[in-house]
1. Can you grab the distance from the C-alpha centre of the range 92-111 to the C-alpha centre of the range 1-65, Å, no decimals?
2. For the chain, what mean projected area does the convex hull of the alpha carbons give, in nm²?
3. Over all directions, what mean area does the Cα convex hull of the range 27-80 project, stated in square nanometres?
4. Extension gain Thr88-Ser111, at 0.36 nm per residue separation less the Cα-Cα distance, in nm?
5. Add -39500 (n - 2.57) for each DSSP H run of 4 or more in the chain, then divide by its residues: what number comes out at 222 nm, to the nearest 500 deg cm²/dmol?
6. What ranking, highest mean first, results for peptides 28-39, 51-62 when packing means the other Cβ atoms within 10 Å averaged over each residue?
7. For helix 66-76, what angle does its Cα long axis make with the longest principal axis of the chain, in degrees from 0 to 90 and rounded to 10?
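Every read-out reported here was derived from the displayed coordinates using simple, explicitly stated rules and does not represent laboratory data. This is a predicted model, so every value here is computed, not measured. So basically every Cβ, Gly included, is an ideal-geometry build from the backbone, and we count neighbours across all protein chains shown.
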Amino acid sequence: MSAPAEPPIEGYHAHVYYDEKTRAAAAALREAVAARFPVTLGRWRERPVGPHSCAMYQIAFAPGLFAELVPFLMRHHRGLSVFIHPLTGDDAADHSEHALWLGRQLPLDLSKL
């Protein structure tokens, strides 16, 4: 018996977290990403939203960019916490089992998914 087919990865989100002291670094990273990659940048979220425990913005990107964008974020995240997860339609698994962190891991409230 074969294993059930996994849902395809339709895209990715990278969430860049910041606070009052690190907002300038987050802005510089945002500008650098926008200048180099065809991504969709989300709004600045000054307060926690959804499962995210602090201020952040989102970078949405296509699967074909993963091999270039993620190494760029690894090298240039400026000490910021960055949460990267796939988009498969299973929000709980995408935000837990299938996710990765750059920098310090922050708490997520998965009950809000």
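1. 12
2. That works out to 7.6 nm², a quarter of the Cα hull's surface.
3. Details: hull surface 16.2 nm².
It is 4.1 nm².
4. Working: separation 23, 0.36 × 23 = 8.28 nm, distance 1.80 nm.
So the chain would gain 6.5 nm between Thr88 and Ser111.
5. -7500 deg cm²/dmol
6. Details: 28-39: 14.4, 51-62: 18.7.
Per-residue mean Cβ counts within 10 Å order the peptides as 51-62, 28-39.
7. The two axes meet at around 30 degrees.
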